[in-house]
Amino acid sequence: MPKLGLIAISGLRVCDSSLLEAGLSFPALSGRARQIEALPSLGLLTLAALTPEEFDVEYLEVRDVDHDNLPAQFDIVALSTLTATSKEAYRLAERFREIGTTVILGGLHATLCPDEAQKHVDCLAIGEGEPIWREMLQDFLKGQLKPRYDARLRPAFDFSESPTPSFELLDPDRYPRFTVQTQRGCPLACEFCAASMRLSPKFRTKPVERVIREIRHLKALYNKPFIEFADDNTFADKRHGKQLMKALAPEQVRWFTETDVSVADDEDLLKMMRDAGCAQILIGFESPNFNTMNGVEQKSNWKARRTDKYLKAVETIQKHGITVNGCFILGMDGDGPESFESVYQFVKASGLYDVQLTYLTPFPGTPLYSRLTEEGRILVDDASEKCTLFDINFQPDSMSIDDLKSGYLNLVHRIYNEDFIAERYRNFRRHLRSQIKLKKQPT
């Protein structure tokens, strides 16, 4: 029986040592980083569930591709990599190929930069894995594995046929959180985005009964699993979102997800989210300034048109007992040195429970990368290792690189100051208690 290794490259990457040191100093920053790097690869676990019975399957994570012991028992391995770890994936692929193991590579970076990735592996999987995985493995068994399989040339995968990921392959003591996908893609089209919409631009939702089946599988395997929905925008489809919340409430799980600010427009949905166990949502505000956001969302300029509603949205969501993790991107076009103070004042005024600060990151293959390349603003062409969200590889248009870096680090120190965090947490709890008291008053 041929042995198949599904191998993820684990760990959060940061090149800038000064930020790495700052992150280690702030529990709120390093805590979220640890949560992210501890998430298993949902894509590989999904492929495991689709693997023909002829294969013996094992899921592994490799942190140090150059020094970790190389498993020699596999006949074929499938690697999945993000852009920041793509060069590491290539080196790992080379080690496997040297001992005669066939290497398949897939994921976002392989899809965004297929010609580059092709040079380092035996076979490249482009786009969604589900439509092509079984064919690839059957071709391997016949000795007819092709160099490239492109799912984008086929109909988008039908989520009604989605398998339950093979969570049973995971070490039960290794993972504090587990990922479940409820949809794929996003109806918005942000210039910088390098998420699942790049794998398949068609926005689709997974049937609610399929999502619940996956969660029940996790509950059967692990005690009180915390769920992180691996979606770009869970509540982009409000109708599907409400159906999901209704079905999720009896499951009694706690969960986190990413969505957009429009959830604040629907109080019924917020109540359903709270009752269904929502612990926190991450919202990409990007910037509190209209001029900065103008044109970033390329279909309808939707995000720019919402900036004046940001403060009220945070208040509305958090008064329902759902904390908001606000994500901001520093260094966007039009943002000068004053933008750091603008973000700080927004965080202070809004009472955001948690905050994520990143640099504008031009991922190869995105519209942003193409535009900055044409404008001569990419600093190093072959610097995928800097696509971490926490490293700079472009020339800002309204400040120097030194201004961007120093302003960012100063903002990191202010936002993640223990007293400022404690103040935001206290305010959230105080407002929540006052809301509960109001509800208990007789009408």
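The values are calculated or read from the model by the stated rules, or taken from the named source; none is laboratory data. Since we're looking at a predicted model, the values are computed, not measured. Every residue, glycine among them, receives a Cβ derived from its backbone with ideal geometry; neighbour counts consider all protein chains shown.
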Residue, nearest to F159 (Cα to Cα), within the stretch 212-231, restricted to residues that are aromatic (F, W, Y) and in a strand (DSSP E or B): F229
From the options F340, F394, F390, residue that is in contact with a strand residue (DSSP E or B) (Cβ under 9 Å, 6 or more places away or on another chain), surrounded by 15 or more Cβ atoms within 10 Å (Cβ to Cβ), under 20 Å from R424 (Cβ atoms) and not acidic (D, E): F340
Only one of Y310, Y344 is in a helix (DSSP H, G or I), touching a residue at least 60 places away in the same chain (Cβ under 8 Å) and not hydrophobic (A, V, I, L, M, F, W, C). Can you tell me which? Y344
With basic (K, R), touching a Lys or Arg at 6+ places or on another chain (Cβ under 7 Å) and assigned by TED's automatic domain parsing to the domain that holds P364 as the only criterion, which of R204, R216, R254, R239 stands out? R204
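The rows are residues; the columns are (1) at pLDDT 95 or above; (2) among the aromatic types (F, W, Y); (3) crowded, with 19+ Cβ neighbours inside 10 Å; (4) under 26 Å from V380 (Cα atoms).
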site: K299; (1), (2), (3), (4): no, no, no, no
site: D308; (1), (2), (3), (4): no, no, no, no
site: V314; (1), (2), (3), (4): yes, no, yes, no
site: S350; (1), (2), (3), (4): yes, no, yes, no
site: P367; (1), (2), (3), (4): no, no, no, yes
If A22 meets every condition in (1) surrounded by fewer than 21 Cβ atoms within 10 Å (Cβ to Cβ); (2) at pLDDT 80 or above; (3) of a type in the set (A, V, I, L, M) apart from one, which number is that one? (2)
Going through T373, T361 one at a time, which residue ends up being part of a loop (DSSP other than H, G, I, E, B) and of a type in the set (S, T, N, Q)? T361
Residue count, the stretch 322-341 (criterion: over 20 Å from the mean Cα position of the chain (by Cα) and of a type in the set (S, T, N, Q)): 1
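Every residue, every condition in (1) closer than 22 Å to A49 by Cβ; (2) charged (D, E, K, R); (3) buried (at least 21 other Cβ atoms within 10 Å of the Cβ); (4) in contact with an Asp or Glu (Cβ under 7 Å, 6 or more places away or on another chain), yes or no:
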| position | (1), (2), (3), (4) |
| --- | --- |
| D158 | yes, yes, no, no |
| T164 | yes, no, no, yes |
| R174 | yes, yes, no, no |
| C190 | no, no, yes, yes |
Got a sec? Which of G284, G326, G321 is assigned to a loop (DSSP other than H, G, I, E, B), touching a strand residue (DSSP E or B) at 6+ places or on another chain (Cβ under 9 Å) and within 30 Å of L244 (Cα to Cα)? G321
Would it be correct to say that D68 is acidic (D, E), assigned by TED's automatic domain parsing to the domain that holds A125 and at pLDDT below 95? yes
With at pLDDT below 95 and farther than 19 Å from L170 by Cα as the only criterion, which of L60, L82 stands out? L82
Can you tell me which residues in the stretch 337-391 are touching a His at 6+ places or on another chain (Cβ under 9 Å), within 19 Å of S287 (Cβ to Cβ) and small (G, A, S)? G351
Report, ordered by the first and then the second residue, all pairs with beta carbons closer than 7 Å, sequence separation of six or more or different chains, a first member in the stretch 85-110 that is under 15 Å from E61 (Cα atoms), and a second member that is of a type in the set (K, R). T85/R13
